[in-house]
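Reviewing the structure listed below.
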Amino acid sequence: MEIKSIGVVGAGQMGNGIAHVMALAGYDVVLNDINQDALDAAVARIDKNMDRQVSRNLISADDKATAMARIGTTLELPSLGQTDLVIEAATEREDIKHKIFDALLPHLQPHTILTSNTSSISITRLASRTDRPEKFMGFHFMNPVPLMKLVELIRGIATDEETYQACLAIVNNLGKTAASAEDFPAFIVNRILIPMINEACYTLYEGVGNVASIDNAMKLGANHPMGPLELADFIGLDTCLAIMNVLHDGLADTKYRPCPLLTKYVEAGWLGRKSKRGFYDYRGEVPVPTR
């Protein structure tokens with residue numbers, strides 16, 4: 001089937017990035033959120049990010065104008081029912097995702113594909129609560145969406161080949177690369193990445209090194225572009241903890257036990273860049289390690 005229109009649920013960092021790349025690729029996009037301020041901020045962010053692309057000669061001013069015209073916003077979730085494909089990019093909480101899909105189902109067209117941008121939650125379990133498990137799959141973009149070239153495509157146990165091929169065609173049309181993953185906790189990228197971040201938290205927790213030494217060791221000793229604690233702040237410590245809990249619960253292996261220090265930071269509301277404090281304090285001109 002040919003996908004022409006795409007609904008995006010959630011206007012946060014991931015949702016606005018997904019809307020951005022989809023509109024540039026020629027899809028009509030309807031962006032939904034429960035908060036009008038969030039929708040306005042998302043459109044402003046997309047406009048600013050496209051301006052940056054124009055200034056770098058990555059797209060033309062006409063490309064930008066045409067893409068921005070393809071993006072509509074709505075506070076009404078049922079409005080997404082007329083799209084050919086829906087990408088849920090809401091908070092990484094399974095109960096919230098179920099509520100979104102439950103509210104969408106009565107309004108969907110028979111052919112509409114449902115997908116989730118979840119970074120760790122079972123696609124099979126999410127799909128099983130819908131009326132179309134064969135037309136449901138994981139569509140996991142990396143952050144920041146306009147820059148990152150990878151998309152994980154995750155089939156649930158019931159996902160059919162037509163649905164997979166339709167989503168694969170979109171990834172190719174975006175100029176990105178698809179990595180096909182089986183439906184196991186955290187899929188590929190986060191199955192490897194988040195335990196590494198968790199181990200960096202343990203290294204800090206046990207006093208092996210401080211924040212600066214741990215990040216510098218991995219940047220200069222392993223050639224990582226960002227240190228693991230800096231990266232954790234960028235991702236969001238609450239998201240890192242949620243993924244570790246999914247791994248620990250889903251695989252029942254103690255090697256995935258979340259670091260108590262990571263839990264403590266989240267309990268304090270120190271979630272990283274988005275809250276101005278995490279493993280670094282971002283309230284000044286230069287980030288300062290908090291340990």
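Label points 7 Å out from Cα along the Cβ direction at E182 and V54: separation in nm?
Modelled inter-label distance: 4.8 nm.
Please build a GNM for the chain, connecting alpha carbons under 10 Å apart, and tell me which residue among D253, D183, D238 fluctuates the most.
Taking springs between Cα atoms under 10 Å, the residue moving most is D253.
To the nearest Å, what is the center-to-center distance of segment 186-224 and segment 118-182, using C-alpha atoms only?
Answer, in whole Å: 28.
Using the reciprocal of the averaged 1/r over all distinct C-alpha pairs, how large is the Kirkwood radius of segment 191-289 in Å?
Details: mean 1/r = 0.0745 Å⁻¹.
The answer is 13.4 Å.
How big is segment 5-181 on each of its three principal axes, counting only the C-alpha atoms and giving the largest first in Å?
Sorted from largest, the Cα extents of segment 5-181 read 45, 33, 26 Å.
What is the helix-to-structure angle for 161-173, meaning the angle in degrees between its Cα long axis and the longest Cα principal axis of the chain, kept from 0 to 90 and rounded to the nearest 10?
It is inclined by approximately 70 degrees.
Using label points projected 7 Å from each Cα along Cα→Cβ, tell me how many nm separate L105 and A222, to one decimal.
Taking the two extended label points, one gets 4.2 nm.
In nm, what is the difference between 0.36 nm times the number of residues separating A61 and M196 and their Cα-Cα distance? Mind dumping the intermediate values first?
Details: separation 135, 0.36 × 135 = 48.60 nm, distance 4.09 nm.
Difference between extended and current length: 44.5 nm.
What percent antiparallel are the DSSP beta bridges of the chain, to the nearest 5? Can you show the working numbers first?
On the way: 9 of 34 bridges.
Among the beta bridges of the chain, antiparallel pairing accounts for roughly 25 percent.
Based only on other Cβ atoms within 10 Å, what is the fewest-to-most ordering of F136, F234, F141?
Ranking F136, F234, F141 by Cβ neighbours within 10 Å, fewest first, gives F234, F141, F136.
Which of H111, V151, L126 sits farthest toward the positive end of the charge dipole of segment 5-181, with +1 on the Cβ of Lys and Arg and -1 on the Cβ of Asp and Glu?
Result: V151.
Per DSSP H run of at least 4 residues, take -39500 (n - 2.57); add these up for the chain, divide by its residues and hand me the 222 nm value, nearest 500 deg cm²/dmol.
Working: 11 runs with 130 residues, N = 291.
Taking each H run of at least 4 residues, the total per residue is -14000 deg cm²/dmol.
For a Förster distance of 25 Å, can you work out the FRET efficiency between the beta-carbons of A268 and V189, rounded to the nearest 0.05? Present the calculation step by step, with values, prior to reporting the outcome.
Details: r = 27 Å, r/R0 = 1.08.
The value I calculate is 0.40.
With everything on Cα atoms, drop me the angle between helix 237-251 and the longest principal axis of the chain, reported from 0 to 90° to the nearest 10.
Once rounded, the angle reads 80 degrees.
Rounding to the nearest 20 debye, state how big the charge dipole of the chain is about its Cα centre with +1 on each Lys and Arg Cβ and -1 on each Asp and Glu Cβ. Walk me through the numbers on the way to the answer.
Working: 28 positive and 35 negative charges, 136 e Å.
With Lys and Arg at +1 and Asp and Glu at -1, about 660 debye.
Read-outs: derived from the displayed coordinates by stated rules, not from any lab. Note that the structure is predicted; figures quoted are calculated from it, not measured. Please note: Cβ atoms are built from the backbone with ideal geometry, for glycine as well, and neighbour counts cover all protein chains shown.
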